[in-house]
Amino acid sequence: MLQRADSLGLDTAFTRAEQMAPCPIGANGQCCKVCFMGPCRVVKDGQTGVCGATIETITARNFARAVAAGAAAHSDHGRDMAFTLKAVAEGETQGYKIRDPFKLKKLARDLGISTEGREVGELASEVADVCIAQFGQQRGEVSMAERAPENRKKIWRELDIVPRGIDREVVDVLHRTHMGDDQDPEHILDQALKTSLSDGWGGSMIATDISDILFGTPAPLVSQANLGVLKDDEVNIVVHGHEPTLSEMILAAVSDPEIIAYAQEKGASGVSLAGICCTSNETLMRQGVPSAGNFLHQELAIMTGAVEAMIVDVQCIMQALPNLADKFHTEVITTSPKVKITGATHIQFDEHRALDIAKDIVRRAIDNFPNREETAIPDVVADLVPGFSHEYINYMLGGSFRASFRPLNDAIMSGRIRGVVADVGCNNPRATQDAAHNYLVRELLKNDILVVETGCGALASGKLGVMLGEAALEWAGPGLREVCEATGMPPVLHLGSCVDNTRILTVLTQMVEEGGLGDDISDIPAAGIAPEWMSEKALSIASYCAASGAYVIMGITNPVEGSELVTNILSAGWEQKLGGKIDFVVEPEEMVSQILEHIDKKRAALKLPEYAPKRFGQSGDWRMEDLVDGPLEERQAALYGAVSS
Ligand code: SF4
Ligand code: MSK
């Protein structure tokens, strides 16, 4: 596709990244523009801004502001879901219903709402009210923080970082990083932690729970990923962004026989829906809607010439899209009241008329089909099995009648599974697309690490073909392979979109509660990586994971590189007070060795047997061999050799 871009003389994020060298002062967090005596670039030892601000204060302020912006974006998504739930409960919407009343009840109980004898609608209305109130709450603690392990809550309370209310913590960061306020770097970063927790154990968790309640809690299904999911003979509609609210209705509209007949009138054989980014994750994991790819595929999809409409909602939408779409027949349609892009058509979404609006948009795309010219859809596609909610993981491991994390904990305790790693986050055109995600996933699997994924990292693995049960035979070490064979699960689990990193927090909490892996998230042999991150949301996620006790590695660049002190606070400093930390590591090889070292250290602290892969791999159902190519012995030798080295 990049060759096609070249031959057509088109810019992409890849070429623009080459032309736009990152400003090294900004990249290292050394530029302050919080007041208009500046902007101040603090680059020499001992230099300060006009107000006297030091490099430590400036880098910490920049980091905290990025966390606040990320937390705001995620949490606002959660707020919108809560308002949609309220509207559905009041019977004001068109096309929506409550698909998971069991999860509604569970959430109600967690929020302290009585469920006894209540109608679903009435309960949903109260749950929505309580969720909406979490955003404006001024005192106390956000309710969902209560879900964390007891020891974790103790740490948070001692440090006074339990969020009071979601919006309140975001505003607090913006206030204290205004000119002339908080100028103690550690104190600023403590508030960054509190704000990030208002995302992970607040806004994002609300988004995940309510999305499941409204659209269904994901369970595994089969789908496909990559640009090859676009169809040459059908109207292609691509949904891109983050929220499932409109895309679920677009899906309903494209399945309508009248709409299909209308498409046929216009010369197409049907209407095909595909996703990009996290809107894709939302529709992929619940409805099996194929994914056209992750963040850096948004321009490439348009360049196929086969997309009639790209419908976007919020976050991660490049402003370059309308200009690029102009070169083809694609119409870019913005739908969120918060997002307009010059050159795009704006059709504002309103859940009260959701299905009508969705049908109008789909008809518009169909009307555009006759304008299609030459197409170039790459013949590249991979099968995948997405949809591993934490609820499903429970059933998958424990069975329908005794859903439990016990088998996972046992597998880690025995050493069959060495540990668990979450590979999450974006693509970044400063690095080869998906290369770090793919390398890390393969290396981790080889080392018997169970990988869970969300966001664009998940879509990278979907495209790679490792989200299939049989992928364990090819890529997993002997112990992990045994577990995958016994359960049929893929060695890489798709857990959802960016806001669904909260599912990972829930999995970790359930592992603690199951017993045998310590008393807190920080005891578990686990880590998180975002090797190709680019978004402020990634810094919020990294911070709330660290605050929750996880070891997090971020690739690409260190946004606080300008200050050794601040870099150390995020790493050793946070590890000392929280048991979790953020390290910025550019090289994927270095990431692997730091993760394995960390996981083995945690295993040793728990007095678990040393990782010894040769003890495993003799059991399992070898008949699954039929599913993959190549002589078993050769692959075993290659694999075990690699593991032991
Ligand atoms: Fe410069 Fe201080 Fe203003 Fe920042 S707050 S721009 S360091 S004068
Ligand atoms: S979409 S935030 S590029 S993961 Fe969630 Fe992908 Fe990162 Fe956006």
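Please treat every number below as a calculation from the coordinates, not as lab data. It should be emphasised that the depicted structure is a prediction, and the values quoted were computed from it without experimental measurement. Every residue, glycine as well, gets a Cβ built from its backbone with ideal geometry; the counts of neighbours run over all protein chains shown.
Note the full-extension length gain between Asp181 and Glu564 as 0.36 nm times their separation in residues minus their Cα-Cα distance, in nm to one decimal.
Stretched fully, the Asp181-Glu564 segment lengthens by 135.7 nm.
What ³J(HN,Hα) values, in whole Hz, does the Karplus curve 6.51 cos²θ - 1.76 cosθ + 1.60 give for region 434-451 when θ = phi - 60°, with x put for Gly and Pro?
3J(HN,Hα) across region 434-451, in whole Hz: 6, 4, 5, 4, 5, 4, 4, 4, 4, 5, 5, 4, 4, 9, 6, 9, 6, 10.
If we count other beta carbons within 10 Å of each Cβ, what is the order of Met318, Met37, fewest first?
If I rank by nearby Cβ atoms, fewest first, I get Met37, Met318.
Rank-order 120-129, 6-15, 54-63 by packing density, defined as the average count of other C-beta atoms within 10 Å over each peptide's residues, highest first.
Listed from highest to lowest mean packing, they are 54-63, 120-129, 6-15.
Express in whole angstrom the spacing between the alpha-carbon centres of region 273-305 and region 601-619.
Their Cα centres are 39 Å away from one another.
At Glu610 and Arg353, where each label point lies 7 Å from the Cα along Cα→Cβ, what is the point-to-point distance in nanometres?
7.0
Return the long-range amide H neighbours of Ser291 (sequence gap of 5 or more, or a different chain), with a cut-off of under 5 Å between placed amide H atoms.
It is Gln224, Ala225, Asn226, Gly275, by chain and number.
Please work out how much length the chain gains when fully extended from Val222 to Gln3, using 0.36 nm per residue of separation minus the C-alpha to C-alpha distance, in nm with one decimal.
This chain segment gains 75.7 nm when fully extended.
Based on alpha-carbon centroids, what's the gap between region 332-402 and region 19-51 in Å, whole number please?
Spelled out, the Cα-based centre of one part sits 40 Å from the other.
Tell me the relative contact order for region 223-371 as a rounded percent, counting alpha carbon contacts under 8 Å between residues six or more apart.
29
Starting from the Kirkwood Rh over alpha-carbon pairs, what translational D in µm² s⁻¹ does region 385-611 have by Stokes-Einstein at 25 °C and 0.890 mPa s?
143
Relative contact order for region 547-603 using alpha-carbon pairs under 8 Å, separation at least 6, rounded to a whole percent?
It rounds to 44 percent for region 547-603.
When a footprinting reagent is the concern and you count Cβ atoms within 10 Å, what order do Asp167, Asp500, Asp350, Asp212 take, fewest first?
Fewest-to-most Cβ neighbours within 10 Å comes out as Asp350, Asp167, Asp212, Asp500.
Over the residues of region 25-154, compute the C-alpha Rg and express it relative to 2.2 N^0.38 Å.
My calculation over the Cα atoms of region 25-154 gives 1.57.
Over the chain, what is the percentage of antiparallel beta bridges among all DSSP beta bridges, to the nearest 5?
Antiparallel: roughly 10 percent of the beta bridges in the chain.
Just to confirm my numbers, what's the Cα centroid distance between region 106-140 and region 244-269 in Å?
Between the Cα centres of region 106-140 and region 244-269 lies a distance of 35 Å.
Using a 10 Å cut-off on Cβ atoms, rank the peptides 304-317, 179-192 from the highest mean neighbour count down.
Put in order of decreasing packing, that is 304-317, 179-192.
Any idea what the relative contact order of the chain is, in percent, if you count C-alpha pairs under 8 Å spaced at least 6 apart?
15
Could you give the alpha-carbon Rg of the chain over 2.2 N^0.38 Å, rounded to two decimals?
Compactness ratio reported: 0.94.
Where the only charges are on Cβ atoms (+1 Lys, Arg; -1 Asp, Glu), what is the dipole of the chain about its Cα centre, to the nearest 20 debye?
The calculation lands at about 960 debye.
Provide the gained length on full extension for the span Gln319 to Ile25, in nm with one decimal, where the gain is 0.36 nm per separating residue minus the Cα-Cα distance.
Additional length available on full extension: 103.4 nm.
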